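Trainee: Let me give you the structure first, and then I'll get to my questions.
Derivation of every value follows stated rules applied to the coordinates shown; laboratory data play no part. Predicted model only: the values in this text are computed from it and were never measured. Every residue, glycine among them, receives a Cβ derived from its backbone with ideal geometry; neighbour counts consider all protein chains shown.
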Amino acid sequence: METLDHSQSNSSQISERAIRNLQQSSVWIIIVSSVGLFMGLYFLYGAFQNMDRGYGRGDMAGVMLIAALIVLAQHILGLTYGIALSKLKIYSPEELDNASSKQMAYWVFCGIVSIISFLLILMAISNGGGRGLF
């Protein structure tokens with residue numbers, strides 16, 4: 001098991017473990033984004049199904065459509081980010097810091113978009129717009 005020894009650490013050295021962890025996370029980002037694409041397509045299908053129901057029954061289909069498009073965009077960006085991360089080559093500590101910062105920004109973005117999408121979907125379902133989904 002690897003341990004951190006701060007007495008021997010040098011600020012100019014790059015931790016192989018940190019690079020490996022960063023690159024291995026790309027596999028999970030790709031998996032989550034692939035599953036998210038199918039979920040977004042399912043919500044998109046449900047939104048279009050509700051649009052066919054006419055006024056009164058499908059009035060929240062527009063909200064579901066926006067939520068579905070947001071989910072799709074989030075996971076398309078995640079898929080491209082995961083692929084780029086899997087091809088990442090790091091040669092300096094500054095590049096590692098930059099890559100770590102970008103990964104943190106990506107997860108903050110995913111969290112915010114997920115909360116917004118979740119609230120939009122709840123709003124659509126609570127107003128009867130989710131009948132085509134379940």
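Trainee: Taking the Cα centre as origin and putting +1 on Lys and Arg beta-carbons and -1 on Asp and Glu beta-carbons, what dipole magnitude results for segment 17-126, to the nearest 20 debye?
Mentor: Here segment 17-126 has a charge dipole of around 240 debye.
Trainee: Given R₀ = 35 Å, what would the calculated FRET efficiency be for residue 49 paired with residue 109, taking r from the Cβ atoms and rounding to 0.05? All intermediate terms of the calculation are to be shown ahead of the outcome.
Mentor: Numbers: r = 29 Å, r/R0 = 0.83.
Efficiency at R0 = 35 Å is approximately 0.75.
Trainee: So what's segment 17-126 giving for Cα Rg divided by 2.2 N^0.38 Å, two decimals?
Mentor: Relative to the 2.2 N^0.38 Å estimate, segment 17-126 comes out at 1.32.
Trainee: Write down Rg/Rh for segment 63-126, rounded to two decimals, with Rg from the C-alpha atoms and Rh from the Kirkwood relation over Cα pairs.
Mentor: Rg/Rh for segment 63-126 comes to 1.15.
Trainee: Right, here's the next one. Residue by residue through segment 79-85, which ³J(HN,Hα) values in whole Hz follow from phi under the Karplus form 6.51 cos²θ - 1.76 cosθ + 1.60 (θ = phi - 60°), with glycine and proline marked x?
Mentor: Running phi through 6.51 cos²θ - 1.76 cosθ + 1.60 with θ = phi - 60° gives 5, 5, 5, x, 5, 5, 5 Hz.
Trainee: Mind checking the full-extension length gain between residue 69 and residue 20? Use 0.36 nm per residue of separation minus the Cα-Cα distance, one decimal, nm. Intermediate results must be reported in sequence, preceding the final value.
Mentor: Details: separation 49, 0.36 × 49 = 17.64 nm, distance 3.30 nm.
Gain on extension, residue 69 to residue 20, equals 14.3 nm.
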